[in-house]
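All remarks here apply to the structure that follows.
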Amino acid sequence: MTRVVGYSRELAPGLGTASDVEQLMLAGASAVFTDDDSADAAKRAGLRECLESLRAGDTLIVTSAAMLAPTVPQFMGTVAGLSARGVTFRSLSDPILSAGGQADPADVIAALESLRRRLSSLQTRAGMASAAGEGRRPGRPTVMTPERVAMAQELRSLGRPVTHIARVLGVSANAVQRSLKVPHDQP
């Protein structure tokens, strides 16, 4: 007897999986496995349990291919492993990546590139959220140390132009403007 089994995970903290579960049930899933926002496949007990429950002839259905793995090579490896076991894969939002359909190779490559960009974006957002949670600001560290800001403020109070302050401090004029919150049109 073949079954349709669904899988979903929280792609970003706070998003939840309720709407995905509903979509998967409407698409015919008899059971749906879920995980929290962990991107690490080793920490996703729901995925492990889902994959172990699948038998030859079953279909694994997801709302998006991004649910299955954090990288394109891992996604391809997982789908290849499912196919070798006789399990069909189906993605609701990425039908071109679903197993069993005939597709133009260029379309498949474009879909995989789109998946790669989506996964990269998800990883970037997760990293930024993690940094913010630890009290760190994402991006490059500022060149304007507290000492440089104090010196820039002192030079500015003496009427020196931003470009002169930047030369003295050895930083860009934009860095000085950002630290002093000086409008760009003032000297």
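The values are calculated or read from the model by the stated rules, or taken from the named source; none is laboratory data. Since we're looking at a predicted model, the values are computed, not measured. Glycine gets a Cβ as well: all are built from the backbone with ideal geometry, and neighbour counts include every protein chain shown. Protein only, heavy atoms only, side chains kept; ligands, DNA and RNA dropped before computing areas. Shrake-Rupley method; radii C 1.70, N 1.55, O 1.52, S 1.80 Å.
Data for the structure
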item: Selection status of ARG90, basic (Lys, Arg), out of contact with any helix residue (DSSP H, G or I) (no Cβ under 6 Å at 6 or more places or on another chain), assigned to a loop (DSSP other than H, G, I, E, B) and within 22 Å of THR2 (Cα to Cα); result: no
item: Qualifying position, being among the β-branched types (Val, Ile, Thr) and without any contact (Cβ under 8 Å) to a residue 12 or more places away in the chain, among ILE61, ILE109; result: ILE109
item: Filtered residues of segment 1-24 (kept if at pLDDT 85 or above, closer than 26 Å to PRO73 by Cβ and out of contact with any helix residue (DSSP H, G or I) (no Cβ under 9 Å at 6 or more places or on another chain)); result: LEU24
item: Some residue of segment 141-161 being among the charged types (D, E, K, R) and within 30 Å of ARG3 (Cα to Cα); result: no
item: Given (1) of a type in the set (Ser, Thr, Tyr); (2) at pLDDT 85 or above; (3) in a loop (DSSP other than H, G, I, E, B), index of the condition SER38 fails; result: (2)
item: Selection status of THR78, at pLDDT 85 or above, under 18 Å from TYR7 (Cβ atoms) and surrounded by 12 or more Cβ atoms within 10 Å (Cβ to Cβ); result: yes
item: Helices (runs of 4 or more DSSP H) (entirely within segment 103-182) containing at least 1 residues that are modelled with pLDDT under 90 and β-branched (Val, Ile, Thr); result: 105-133
item: Verdict on ALA56 being open to solvent by 40 Å² or more (accessible area, probe 1.4 Å), over 23 Å from the mean Cα position of the chain (by Cα) and at pLDDT 90 or above; result: yes
item: Unmet requirement for ALA27, which otherwise passes all of (1) small (Gly, Ala, Ser); (2) open to solvent by 40 Å² or more (accessible area, probe 1.4 Å); (3) modelled with pLDDT of 85 or more; result: (2)
item: Inter-residue pairs, beta-carbon under 8 Å, first within 24 Å of GLN177 (Cα to Cα) and open to solvent by less than 50 Å² (accessible area, probe 1.4 Å) and in segment 127-156, second of a type in the set (D, E, K, R) and in a helix (DSSP H, G or I), 6+ apart; result: MET144/ARG178
item: Residue match in segment 1-12 (condition: under 21 Å from the mean Cα position of the chain (by Cα) and open to solvent by 60 Å² or more (accessible area, probe 1.4 Å)); result: no
